[in-house]
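Written below as structure tokens is the structure these notes are about.
Read the figures in this text as sums done on the coordinates, not as results from a lab. These numbers come from a predicted model, not from an experiment. Here the Cβ positions follow ideal geometry from the backbone for every residue, glycine too, while neighbour counts run over all protein chains shown.
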Amino acid sequence: MEYQQKLNKIYYFFKNPIYRTYCFIFRPKSLGVKIIVENENKVLMVRISYAHKLWSFPGGGVDKGESFKGSALRELEEEVGIKTTDLVEMGEYHSKRNFKRNVVRCFYMKVNSSFVKIDNFEISEAGWYNPDQLPKDSSSAVLQIMEIYHKFKKNVRS
């Protein structure tokens, strides 16, 4: 596994600058998903093992021909070992981060167990956090996702 992680770092070392240049020139549209998993009033966050290495929520890109929900289900299983069909769409946000036109749909699910199994490829660690006390070294998108989450929770209670 350690050998695979080293190869991964080398791959991203060369891929990232080339891909950023492509995005700067062509401004491609990107589709993504993020999932807030809640257990006992805490939310699951993961630390990405590549790129920015910051805390975020499970999620990733939508593959060609894949639905947003299908992508969210796949990412949950790949990154943290959660198999489910019980996701609720909360909303979406748009950004122009990394020179792309990003559309990210956010999903929610509640679980009865705090057990997760990280993939050790994309995710270096996972943790459960109080929504009002998230890690300081979180991705900039976390604030946008939390706004969507708080609106969603408010509407569910109403």
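At a glance:
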{"quantity": "Between 0 and 90°, nearest 10: helix 68-80 axis offset from the chain longest Cα axis", "calculated": "80 degrees"}
{"quantity": "Contact order normalised by residue count of the chain, Cα under 8 Å, 6+ apart, percent", "calculated": "29 percent"}
{"quantity": "Burial ordering of 132, 119, 137, fewest other beta-carbon atoms within 10 Å first", "calculated": "132, 137, 119"}
{"quantity": "Stokes-Einstein translational diffusion, the chain - Kirkwood Rh over all Cα pairs, 0.692 mPa s, 37 °C, in µm²/s", "calculated": "200 µm²/s"}
{"quantity": "Violating pairs (Cα-Cα greater than 27 angstrom) within the set 96/136; 69/151; 9/153; 69/117; 110/151; 29/136", "calculated": "9/153; 29/136"}
{"quantity": "Nearest-ten-degree value, helix 141-157 long axis tilted from longest Cα axis of the chain", "calculated": "20 degrees"}
{"quantity": "Loop trypsin sites (Lys or Arg not before Pro), segment 92-125 (other Cβ atoms within 10 Å of the site Cβ: 13 or fewer; DSSP)", "calculated": "96, 117"}
{"quantity": "Excluding exposed DSSP-loop chymotrypsin sites (Phe, Trp or Tyr not before Pro) (at most 14 other C-beta within 10 Å), longest clean stretch of the chain", "calculated": "1-114"}
{"quantity": "Highest-fluctuation residue, 75, 92, 66 considered, GNM on the chain with Cα pairs under 10 Å", "calculated": "66"}
